[in-house]
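Read through the structure below, which is laid out as structure tokens, and then see the notes.
The values are calculated or read from the model by the stated rules, or taken from the named source; none is laboratory data. Because the structure is predicted, anything quoted here is derived from the model rather than measured. Note: ideal-geometry Cβ built from the backbone for every residue, glycine included; neighbour counts use all protein chains shown.
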Amino acid sequence: MMYIYAALLLHSASKPIDVDNIKKILTATGVAVDEARVKALTAVLSEVKIDDVLKQASSAAFAPAAAAAAAAPSAAPSAESKKTEEKKEEEALAGLGALFG
């Protein structure tokens with residue numbers, strides 16, 4: 001997780017997410033750097049639009065709450081609609097899990 005945090009920190013600071021920058025952050029925090037993991041992470045993240053993934057993750061987290069708020073107070077949600085919502089949430093989290101592998 002620390003490797004991902006370092007990449008997110010670089011992204012939020014608008015710095016390039018490369019091997020050297022991630023190693024600098026991890027070294028500064030006292031983490032033993034695994035070169036292979038850093039290289040793999042930078043290779044994967046070079047193909048990912050981080051802003052889009054973060055938007056998807058935030059919308060997936062709020063989607064069930066928004067759906068519940070929009071439902072009529074007198075109508076109880078059916079078991080089928082609950083399963084559908086849970087499945088959508090799991091799919092969104094699975095996509096995000098591929099990023100953090």
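Looking at A60, A36, A43, which one is modelled with pLDDT under 75 and hydrophobic (A, V, I, L, M, F, W, C)?
On the way: A36 fails: modelled with pLDDT under 75; A43 fails: modelled with pLDDT under 75.
The unique qualifying residue is A60.
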Every pair of residues 6+ apart whose Cβ atoms lie under 8 Å, when the first sits in the range 25-37 and is more than 10 Å from M2 (Cβ to Cβ) while the second is part of a loop (DSSP other than H, G, I, E, B)
T27/V33
How many residues are more than 15 Å from D51 (Cα to Cα) and of a type outside the set (A, V, I, L, M, F, W, C) when one looks only at the range 5-36?
10
